[in-house]
Structures are given as C-alpha cells and as structure tokens.
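Chemist: Sharing a structure with you now.
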Amino acid sequence: METAKEPAGPYGYAEQKQAYLRRLKRAEGQVRGIARMVEEDKYCIDILTQMAAVNKALHAVSIGLLEDHIAHCVVNAANESQASGNPGTVSEKVSEATAAISRLLRS
C-alpha cells in the first residue's frame, strides 16, 4: 500500500498519543477476550456485543486521529500554502483527509 510523503513530526495527535494508546490497548484486550469467548463456545449475541464495543472504540480513535489531522496537518498546510502562494500543499492534505474519511465510511 502506497502512502503519501510523511511530514516531519510531531504529528497532530502528539498531545493525545497516550490516550490513544490506552484506548487501543483496551481494544486489543477486548479482541483477545472475544477470541477466548469463541474458543469457549459462548453465546453468539454476547460475542457480537463485544465486537460492537471494539468497533466503537476503534471508531472513536479513528475520528480523533482524523480531527487531529485536520486541526494540525491541514491547517499547517493551509498556512504554508498561503505563505508560499502554492495551493498544491493544502490541496494534497485535503485529499489525504478525504481519502481517509472515505476509507472509514467503507469500513
């Protein structure tokens, strides 16, 4: 999978990094719990309930990262674009954000 040229850090999520990591580790634990539920032949609806909880946790992290990207990377690109007179910089960042939103909606 090809990714866009990554800007030098810190990234927009730097202030929320620890909170995102905690949320992701919690989701990781939930996924392990779901695997254990399947191994132990637990009731389908109970497993699906846990799946929904993991999806919600991942969705929350995704939305937060997207918000951070727009607030940091897109805004910085807009400022850079205005200073340099080159609209391509902001256009690229908006396209990245749009593509990310599209991927999230498909998932």
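Chemist: Please check: in the Gaussian network model of the chain (C-alpha springs, under 10 Å), which one of Ala27, Ala97, Ala52 has the largest mean-square fluctuation.
Modeler: Result: Ala52 has the largest fluctuation of those listed.
Chemist: Then there's this: If you filter the stretch 35-89 for trypsin sites (Lys or Arg not before Pro), then keep DSSP loop positions with at most 14 other Cβ within 10 Å, what is left?
Modeler: Working: sites: Arg36, Lys42, Lys56; in loops: Lys42.
When the trypsin sites (Lys or Arg not before Pro) of the stretch 35-89 are filtered for loop state and at most 14 Cβ neighbours within 10 Å, Lys42 remain.
Chemist: Using a 7 Å offset from Cα along Cα-Cβ at Lys17, what residues in the stretch 54-72 end up with backbone N under 20 Å from the label point?
Modeler: In the stretch 54-72, the label zone of Lys17 (backbone N under 20 Å from the point 7 Å along Cα→Cβ) covers 61-72.
Chemist: Between rounded, prolate and oblate, where does the stretch 58-107 land on the alpha carbon gyration tensor, with a ≥ b ≥ c its root eigenvalues, rounded for a/c under 1.5, else prolate if a/b exceeds b/c?
Modeler: On the way: a/c = 6.26, a/b = 2.06, b/c = 3.04.
Oblate.
Chemist: Within 14 Å, Cβ to Cβ, of Arg32, how many net charges do the neighbouring residues add up to if Lys/Arg are +1 and Asp/Glu are -1?
Modeler: Numbers: positive: Lys25, Arg26, Arg36, Lys42; negative: Glu28, Glu39, Glu40.
Taking every other residue near Arg32 into account, the sum is +1.
Chemist: For the chain, how many pairs of lysine residues have a Cα-Cα distance under 19 Å, where the two are 8 or more positions apart or belong to different chains? All intermediate terms of the calculation are to be shown ahead of the outcome.
Modeler: On the way: Lys5/Lys93; Lys17/Lys25; Lys17/Lys56; Lys25/Lys56.
So the count of such lysine pairs works out to 4.
Chemist: Something else about it: Count charges around Glu80 for me, please; just the other residues with Cβ under 12 Å from its Cβ, Lys/Arg as +1, Asp/Glu as -1.
Modeler: Working: positive: Lys93; negative: Glu92.
With Lys, Arg at +1 and Asp, Glu at -1, the net is 0.
Chemist: Give the relative contact order (percent, whole number) for the chain; include only Cα pairs under 8 Å separated by 6+ residues.
Modeler: Working: 53 pairs, mean separation 30.8, N = 107.
Relative contact order comes out at 29 percent.
Chemist: Among [x] 12, 38, 28, 11, 6, 3, 1, 0; [y] 14, 44, 29, 11, 2, 0, 0; [z] 13, 33, 28, 16, 8, 2, 0, which one is P(r) over Cα pairs in 10 Å bins from 0, in percent computed from these coordinates?
Modeler: Only one listed value fits the structure, namely [z].
Bear in mind that the values in this text are calculations on the coordinates, not laboratory data. Quantities reported herein were computed from a predicted structural model and do not represent experimental measurements. All Cβ positions, even for glycine, are placed from backbone atoms using ideal geometry, and neighbour counts span all protein chains on display.
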